[in-house]
Structures are given as C-alpha cells and as structure tokens.
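Colleague: What follows is a structure written as structure tokens; I'll ask about it next.
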Amino acid sequence: MSLPTLSGYVHTGREEGMSVAPSPADLPPHYRPQRHGGTSALPCWSLDLDLLPSKIEHVTTSPTHGCLRVTEAMLLSAFQTILCATASSWEQLP
C-alpha cells in the first residue's frame, strides 16, 4: 500500500487507501486467482464491511473498485496497524 502522506500522516476525504474489489471477477487478471479465471497464484480474501473498525471506512470509487481509508487523520503506521488488526476477520475465498 502506498499513500501520500503529509509529515507521516494520512488524511481523510481522499479516495486513496487499501484497494479492494467487490468480487474476484472485478480484479485485473494479473491479481485474480487462477481458479477465478485470472493468472495470479495468490489467493483472494473477503471481509464483511460491517466488521471494519470505526477509524476505517470503505469507499466505492467505481463499480469495480473501492478502497479502505481512514476516517480521521493518523500516522501511516497507525493506519497499517489498524488494518493488520482486522486480519482475523478476513476469509480466504475458495
């Protein structure tokens, strides 16, 4: 994840954050797992958006793309820590 920062902080109101897609079919072929018709050997993961912590929100940026972004200005390292804390909520897709 690469985000523009100002003095190490990420800010609200930007359509930037961790990229997500509504379904594997919406991923570019090089990111889509082979079992979903793509060329990637990596798995796909799913998250119930209701499980997002209050400091992170999902924003739809197009019909095939969205991002998880901060709801308040914070250090990039804090954003990364909060995202990492959601790890147990993600489920690998078959």
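What follows draws every value from the coordinates through simple rules; no lab data is involved. This structure is a prediction, so every number in the text was calculated from the model and none was measured. So basically every Cβ, Gly included, is an ideal-geometry build from the backbone, and we count neighbours across all protein chains shown.
Colleague: Let me have the 222 nm mean residue ellipticity of the chain computed from DSSP H runs of 4+ only, each contributing -39500 (n - 2.57), with the sum over all residues rounded to the nearest 500.
Modeller: -2500 deg cm²/dmol
Colleague: Let me ask something additional. Check Thr71: other-chain or 5+ apart residues with amide H under 5 Å from its amide H, H built from backbone geometry?
Modeller: Ile56, Glu57
Colleague: Suppose every Lys and Arg Cβ carries +1 and every Asp and Glu Cβ carries -1, with no other charges. What dipole size does the chain come out with about its Cα centre, to the nearest 20 debye? Intermediate results must be reported in sequence, preceding the final value.
Modeller: Numbers: 5 positive and 8 negative charges, 48 e Å.
So the magnitude is around 220 debye.
Colleague: Can you match volume of the Cα convex hull per residue in Å³ to one of these, (i) 89; (ii) 99; (iii) 274, based on a calculation from the structure here?
Modeller: (ii)
Colleague: With labels modelled as points extended 7 Å from the Cα through the Cβ direction, what inter-label distance (nm, one decimal) is found for Thr61 paired with Thr81?
Modeller: Here the answer is 2.6 nm between the modelled labels.
Colleague: Oh, and also: Say R0 is 25 Å: what FRET efficiency, to the nearest 0.05, do Leu51 and His30 get from their beta-carbon distance? Write out the running numbers ahead of the final one.
Modeller: Working: r = 28 Å, r/R0 = 1.12.
Calculated transfer efficiency: 0.35.
Colleague: Report the residues of the range 54-85 in range of a label on Ser7: point 7 Å along Cα→C-beta, backbone N strictly under 20 Å from it.
Modeller: 70-80
Colleague: Among Phe79, Leu52, Ala25, whose Cα sits farthest toward the positive end of the charge dipole of the chain (+1 at Cβ of Lys/Arg, -1 at Cβ of Asp/Glu, about the Cα centre)?
Modeller: Ala25
Colleague: Can I ask one more? Among DSSP beta bridges whose residues both lie in the chain, state the antiparallel percentage, nearest 5.
Modeller: 95
Colleague: So, R0 is 41 Å and r is the distance between the beta-carbons of Glu72 and Ala41; what FRET efficiency does that work out to, to 0.05?
Modeller: Working: r = 37 Å, r/R0 = 0.90.
Approximately 0.65, to the nearest 0.05.
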